[in-house]
1. What number, in percent, do you get for the relative contact order of the chain if the mean sequence gap of Cα pairs under 8 Å and at least 6 apart is divided by its residue count?
2. Summing -39500 (n - 2.57) over the DSSP H runs of n ≥ 4 in the chain and dividing by its residue number, what mean residue ellipticity at 222 nm do you reach, to the nearest 500 deg cm²/dmol?
3. Dipole of the stretch 141-236 (Lys/Arg Cβ +1, Asp/Glu Cβ -1, origin at the Cα centre): which of LEU180, LEU209, VAL152 lies farthest to the positive side?
4. Given a 1.4 Å probe, how much area per residue of the chain is accessible, in Å²?
5. Past 28 Å, Cα to Cα: identify those pairs from LYS334/LYS405; LYS329/LYS383; LYS383/LYS408; LYS329/LYS435; LYS368/LYS405; LYS334/LYS383, in the order given.
6. Read through the labelled values [x] 4, 18, 23, 19, 15, 12, 7, 2, 0; [y] 3, 13, 14, 10, 7, 6, 6, 6, 5, 5, 5, 7, 7, 5, 2, 0, 0; [z] 4, 15, 25, 23, 15, 9, 5, 2, 1, 1, 0, 0 and report the label of the one computed as P(r) over Cα pairs in 10 Å bins from 0, in percent from the structure.
7. Placing unit charges on C-beta atoms (Lys and Arg positive, Asp and Glu negative, everything else neutral), compute the dipole magnitude of the chain about its Cα centre in debye, rounded to 20.
8. At a 1.4 Å probe, what is the % contribution of carbon and sulfur to the accessible area of the chain?
Amino acid sequence: MDNASSTRRRPLSLAARAALATGFALAAFLGLTGLAQNKANYASELSAMHDRLHNYAIAYITGTDITRAGKVTTPDSQPNPDFSRPGSGLYAIIVGNDGFRWESSSALGRDFDFVRMLSPGETAFEPVETRSGKLYVFSYGVSLDSTERRSVPLTFAVAQTEDQFERQVATYRRTQFLWLAMLGVMLMLLQLFLLRWSLLPLRRVSSDLAHIERGTRDHLDGPYPVELTVLTRRLNAFIDSEREQRTRYRDTLADLAHSLKTPLAVIRSQLETGGDAGNLRGDILDQVRRMDEIVAYQLSRAATSGRRTIASVEPIAGHAEDLVQSLEKVYAAKNVLCEFEIEDGVTFPGEQGDLLELMGNLVENAFKWASHRVLLTARSVGKIRGRSGLELVVEDDGPGIADEKIEKILQRGVRGDERVQGHGIGLSIVQDIIKAYQGELHVDRSDELGGARFSVRLPPP
């Protein structure tokens, strides 16, 4: 069985849909317009023929006289030469009492027995079917007086064949169809032009998206019509979100590698120095457990995009001691002494993984640059509804950081000294965590130890 997607017809473009819709609407409109005009023209031609036959009848009435003897004398001249030409399609008939009947020369050989007497003043206009075809007949009943004041009732009938009438109607229809067709073509061309002009902003959006795909642009810059503003704004938000997600995943992998560096260094140090097998096994298991926690934390951090709902607190003292013990093993050759000034009961207002990443990167950075001493200070600050914020300060007795380099070393992938091993992302991780907790990071020189001092201040949750 074929795949349904392969047999599915491709949807019509917006331009094709609009062209078809307006084309059908235009055809319906022009068709109804032509029908209405045809009906109006038919009624107009019929009314014009009625008036024309009426005038012919009046002309015959005017030219007809009654003698003293009551004899009817017909007019010598005809109101239209066609009345004198046999088979012309225009006929005149006069009928009266006592079998009186007069027909124009054009009526020779025709049967007009359908003409009936009308009362004086009565008129009639009607189509009549004959053996020779359909006729339109206008009849007028009059009563003419003779010089002896003798009234003679007569009926004047003027008839015209349908052919002449239909030819006039057909001529109008042909002319009308030609003009409506020309108008329809012109309107369709105009409509296609207007459609192309109206859809130009959409084509521009498509072109701008193609530029973004090729990397020559970062966003849909516009300007665009107001109807497309919401669409382009959401597309830009989607593009930013996709880039942020891609950057976040890339940074998470880098952060994961950086976070695993210390446990791996501890394991390598323990394996290189040897020692009691029981203690060695315990240390390695502790570091493996730590690595497992780091992986779980980094995956969770990537999924939540750095946004955390703070619902717990973590004591700092125990974690600080474990962290320093691990780093002392890694930097055993430097014989670094780490001192604590941790306030009793001080806690970190957030998740354990964030605390370990924040404190671990700051303390490891201090161990890396210190000559012999590191000082870790933690105290509670502020208090809202029974919960406190945190001030965490890490100082060392190393060379310190020049003021003009502070902003540079806080960038991801930048190291203070290229000769020192590292990835240059530890401080970037610190900034990400501080930003997630709406805290502040301040870097300056330590007054007590003379090296760098990193001060972190987190507000109460």
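The values are calculated or read from the model by the stated rules, or taken from the named source; none is laboratory data. Please read these numbers as outputs of a predicted model, since none were measured by experiment. Counting neighbours? That spans all protein chains shown, and the Cβs are built from the backbone with ideal geometry, glycine included. Heavy atoms of the whole protein, side chains included, go into the accessibility calculation; ligands, DNA and RNA do not. Shrake-Rupley method; radii C 1.70, N 1.55, O 1.52, S 1.80 Å.
1. After rounding, I find 9 percent.
2. Numbers: 10 runs with 231 residues, N = 461.
One gets -17500 deg cm²/dmol as the mean residue ellipticity at 222 nm.
3. Checking the options against the dipole of the stretch 141-236, the answer is LEU209.
4. Value for the chain: 59 Å² per residue.
5. LYS329/LYS383; LYS383/LYS408; LYS329/LYS435; LYS334/LYS383
6. [y]
7. 1920 debye
8. Working: 14590 of 27180 Å².
Carbon and sulfur atoms account for 54 percent of the accessible area of the chain.
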